[in-house]
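Student: Got a structure for you, written out below as structure tokens; questions coming shortly.
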Amino acid sequence: ATPTAIMVGTGLGANHGILVKNAEALERAQNLTVLAVDKTGTLTEGRPAVTDVVPADGFSRDEVLGWAAALESASGHPLARAIVAAAGQVATAEAVDTVPGQGVRGTLGGRLVLVGSPVFLRNNGVDVPDGSVDVLAAQGRTLVAVAVDGRLAGVIGVADPLRSSSAGAVARLQRAGIDVVMLTGDHPATARAVAEAVGISRFEAGVLPADKAKAVQALVANGHRVGMAGDGINDAPALAAADVSFAIGTGADVAVAAADITLMRGDLNGVADAVELSRATLVKIR
Ligand code: ADP
Ligand code: MG
């Protein structure tokens, strides 16, 4: 594209709530063949609320929620905010350490507490039976498991409503010839429920931030022109690996800094708008 074409495109983009940081990225958007999208905060609102607390034998609902909230008050993750809000009063944990895409660990009253995905707990030697998580996951709930001194204390179910725009935006992208693939760190059953609800047939679940980037790199290596849309600190490596990266405007600063284009309206229609704009601008001016 000529510099004028790019300028016109970026100017029009601003009118559509698409903030273009990298004009060449807008130009590349016309040829996208695949869009990788994050789930939490991108397809969903990222405003989750606690719906279920299921204590394991020997533990109470208040203990599970209280321990989880004490650790989560140190984390900025949307799930963390939901848990703190549900708990009300929050104790102070020590030596809290956040593990992106997995959870948090810390100590509370001298006890080691882990809060995060079932996989995170299992990787740390905690026995999390499938039966304790299957039912909630099949309902599309995100699961936050809580362990104390190496023992499962309970599971918290969190519901994050889909953005009302997601299914329509996915259909629009597919009509534009772009294959939409969901990449999420969440549980496979949760991922499946969300993917089905928005019309996505390909997804990878249980992926850590570095694996999201690898998935994008693999698509690029297969000759695709790959876009990536995400909102979280966990998406930054994948955003950097994509040909064209899109950050949800209300997302983490790290994601916005890593992305070529910021979607100020916070929904995936902005990606479809950018693609259309890219195609139209270039055709018109050339
Ligand atoms: P997504 O890829 O869907 O945006 P993330 O990569 O942020 O999700 O997180 C993946 C999974 O890791 C979550 O579904 C959750 O189970 C777990 N997790 C990550 N951070 C936290 C946290 N602060 N508290 C509890 N669980 C977490
Ligand atoms: Mg996210």
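Student: Can you name the number of the only condition in (1) within 12 Å of ligand 2 (Cβ to nearest atom); (2) modelled with pLDDT of 95 or more; (3) open to solvent by 30 Å² or more (accessible area, probe 1.4 Å) that VAL220 fails?
Tutor: (1)
Conditions tested, residue by residue: (1) more than 16 Å from ligand 2 (Cβ to nearest atom); (2) charged (D, E, K, R).
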position	(1), (2)
HIS224	yes, no
MET228	no, no
ASN234	no, no
THR250	no, no
MET264	yes, no
ASP267	no, yes
VAL271	no, no
VAL275	yes, no
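Student: Where residues in the range 50-72 are within 13 Å of ligand 1 (Cβ to nearest atom) and touching a Lys or Arg at 6+ places or on another chain (Cβ under 9 Å), which of them is most open to solvent (accessible area, probe 1.4 Å)?
Tutor: Restricting to residues being within 13 Å of ligand 1 (Cβ to nearest atom) and touching a Lys or Arg at 6+ places or on another chain (Cβ under 9 Å), the top hit is TRP67.
Student: A further question follows. If we keep just the residues of the range 96-115 that are out of contact with any Lys or Arg (no Cβ under 8 Å at 6 or more places or on another chain) and not in a loop (DSSP other than H, G, I, E, B), which is most open to solvent (accessible area, probe 1.4 Å)?
Tutor: ARG111
Student: If you don't mind, there's one more thing I want to ask. Looking at the range 116-130, which of its residues are open to solvent by 50 Å² or more (accessible area, probe 1.4 Å) and over 13 Å from GLY150 (Cα atoms)?
Tutor: Residues satisfying the conditions are VAL119, PRO129, ASP130.
Student: Consider only pairs whose beta carbons are under 8 Å apart and that are at least six residues apart or on different chains; among these, list those whose first residue lies in the range 96-123 and is acidic (Asp, Glu) and whose second residue is modelled with pLDDT of 95 or more.
Tutor: Going by the 8 Å Cβ cut-off, the qualifying pairs are ASP97/VAL104; ASP97/ARG105; ASP97/GLY106.
Student: Mind listing whichever residues of the range 31-45 are within 14 Å of ligand 1 (Cβ to nearest atom) and either open to solvent by 10 Å² or more (accessible area, probe 1.4 Å) or among the polar types (S, T, N, Q) (or both)?
Tutor: The answer is THR40, THR42, THR44, GLU45.
Student: Which of the residues spanning the range 236-248 are near ligand 2 (Cβ under 10 Å from one of its atoms) and at pLDDT 95 or above?
Tutor: Scanning the range 236-248 gives no hits.
Student: Moving on. Go over the candidates ILE83, ILE6 one by one and state the one that is modelled with pLDDT under 95 and either touching a Cys at 6+ places or on another chain (Cβ under 6 Å) or buried (at least 17 other Cβ atoms within 10 Å of the Cβ) (or both).
Tutor: Matching residue, one of ILE83, ILE6: ILE6.
Student: OK, next. How many residues does the range 19-30 contain that are open to solvent by less than 60 Å² (accessible area, probe 1.4 Å) and either in a loop (DSSP other than H, G, I, E, B) or at pLDDT 90 or above (or both)?
Tutor: Residues in the range 19-30 being open to solvent by less than 60 Å² (accessible area, probe 1.4 Å) and either in a loop (DSSP other than H, G, I, E, B) or at pLDDT 90 or above (or both): 7 in total.
Student: What residue, among those in the range 176-209 that are among the hydrophobic types (A, V, I, L, M, F, W, C) and assigned to a loop (DSSP other than H, G, I, E, B), is nearest to THR142 (Cα to Cα)?
Tutor: Checking each candidate, the answer is ALA205.
Student: If I ask for residues that are open to solvent by 10 Å² or more (accessible area, probe 1.4 Å), touching a residue at least 60 places away in the same chain (Cβ under 8 Å) and in contact with a strand residue (DSSP E or B) (Cβ under 8 Å, 6 or more places away or on another chain), which ones from the range 153-180 would you list?
Tutor: Once the filter is applied, which keeps residues that are open to solvent by 10 Å² or more (accessible area, probe 1.4 Å), touching a residue at least 60 places away in the same chain (Cβ under 8 Å) and in contact with a strand residue (DSSP E or B) (Cβ under 8 Å, 6 or more places away or on another chain), the range 153-180 yields ALA159, ASP160, PRO161, LEU162, ARG163, ASP179.
Student: Next question, about the same structure. State all residues of the range 240-251 that are open to solvent by 30 Å² or more (accessible area, probe 1.4 Å) and under 13 Å from MET228 (Cβ atoms); if no residue qualifies, say none.
Tutor: ALA240, ASP243, listed by residue number.
Student: Taking the condition of being within 16 Å of ligand 1 (Cβ to nearest atom) and crowded, with 24+ Cβ neighbours inside 10 Å, how many residues in the range 252-272 meet it?
Tutor: Number of matching residues: 4.
Student: Let me ask something else. I'm checking my understanding of the structure. Among residues of the range 86-95 that are under 16 Å from LEU65 (Cα atoms) and open to solvent by 60 Å² or more (accessible area, probe 1.4 Å), which one is modelled with the highest pLDDT?
Tutor: Here the residue is THR92.
Student: Which numbered condition trips up GLN174, out of (1) out of contact with any Lys or Arg (no Cβ under 9 Å at 6 or more places or on another chain); (2) within 15 Å of ligand 2 (Cβ to nearest atom)?
Tutor: The one condition GLN174 does not meet is (2).
The values are calculated or read from the model by the stated rules, or taken from the named source; none is laboratory data. Note that the structure is a prediction, hence the values are computed from the model and not measured. Counting neighbours? That spans all protein chains shown, and the Cβs are built from the backbone with ideal geometry, glycine included. Note: accessible area is taken over every heavy atom of the protein model, side chains too, but ligands, DNA and RNA are not part of it. Shrake-Rupley method; radii C 1.70, N 1.55, O 1.52, S 1.80 Å.
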